[in-house]
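The values are calculated or read from the model by the stated rules, or taken from the named source; none is laboratory data. Just so you know, these numbers come straight off a predicted model, no measurement behind them. Don't worry about glycine lacking a Cβ; one is built from the backbone with ideal geometry, like all the others, and counts go over all protein chains shown. Surface accessibility is based on the protein's heavy atoms, side chains included, excluding ligands, DNA and RNA. Shrake-Rupley method; radii C 1.70, N 1.55, O 1.52, S 1.80 Å.
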Amino acid sequence: MSTLTRENIEKVAHLARLAISEEEILTHVRNLSNILELVEQMNSVDTQGITPMAHPLDIPQPLRIDRVTEKNERALLQSVAEPSAIKSGLYIVPKAYDTVKEFETIEE
């Protein structure tokens, strides 16, 4: 039986740069361990001779033709945009966050 420990959760949270509380750690240990147990139960089922299926209902999947249906309006959209917001055909956007500062904040 696979179970997770609080150290596993803390390590994953650190790698994902997530700040989680003591209560959340305990909740994640319990919930993720339950998921792993369910996966082990499913892996123990004999599926020999069972045809894999992509959908529980026996109906065909309607697919559309893969072709572009939208009109290219890039030139029109860039002609009405603020000229300082476009450089070499690309939109200039403000920096969302400073990566280095974000990581420093999480590790404190």
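Which of the following values of P(r) over Cα pairs in 10 Å bins from 0, in percent was calculated from the structure shown: (1) 10, 18, 16, 20, 26, 10, 1; (2) 17, 53, 27, 3; (3) 17, 56, 27, 0? Among (1) 10, 18, 16, 20, 26, 10, 1; (2) 17, 53, 27, 3; (3) 17, 56, 27, 0, the one calculated here is (1).
Legend: residues 57, 36, sorted from most to least accessible area (1.4 Å probe; ligands, DNA and RNA excluded), read 57, 36.
Rolling a 1.4 Å probe across all protein chains gives residue 79 an accessible area of roughly 80 Å². Magnitude of the charge dipole for the chain, about its Cα centre and with charges confined to Cβ atoms of Lys, Arg (+1) and Asp, Glu (-1), is about 700 debye. Count Lys and Arg as plus one, Asp and Glu as minus one, and take only other residues whose Cβ is under 13 Å from that of residue 24; the net charge is then -1.
Give the residue from 41, 5, 51 lying farthest towards the positive end of the charge dipole for the chain; charges sit on Cβ (+1 for Lys and Arg, -1 for Asp and Glu) and the dipole is referred to the Cα centre. The residue sitting most towards the positive pole is 51. Separation of the stretch 12-27 and the stretch 35-59, taken as the distance between their Cα centroids, equals 31 angstrom. Looking at the stretch 14-101, the trypsin sites (Lys or Arg not before Pro) that sit in a DSSP loop and have at most 15 other Cβ atoms within 10 Å of their own Cβ are 17, 64, 67, 71, 95. For residue 46, the accessible area of its heavy atoms, probed at 1.4 Å with every protein chain present, is near 120 square angstrom. Ranking 35, 65 by solvent-accessible area of protein heavy atoms (1.4 Å probe, all protein chains present), from largest to smallest, gives 65, 35.
Rounded, prolate or oblate, given the Cα gyration tensor of the stretch 23-78, with a/c below 1.5 counting as rounded? Oblate, since a/c reaches 1.5 and b/c is not below a/b.
Angle of helix 22-43 to the longest C-alpha principal axis of the chain, folded into 0 to 90 degrees and rounded to 10: 70°.
For chymotrypsin sites (Phe, Trp or Tyr not before Pro), the sites in the stretch 1-103 that DSSP calls loop and that have at most 11 other Cβ atoms within 10 Å are 97. Across the stretch 3-108, the relative contact order, built from alpha-carbon pairs under 8 Å that are at least six residues apart, equals 28 percent.
Normalised by the number of residues in the stretch 1-42, the mean separation of alpha-carbon contacts (under 8 Å, six or more apart) gives a relative contact order of 60 percent. Of all accessible surface on the chain at a 1.4 Å probe, what whole percent is carbon and sulfur? The nonpolar share, carbon plus sulfur, comes to 58 percent.
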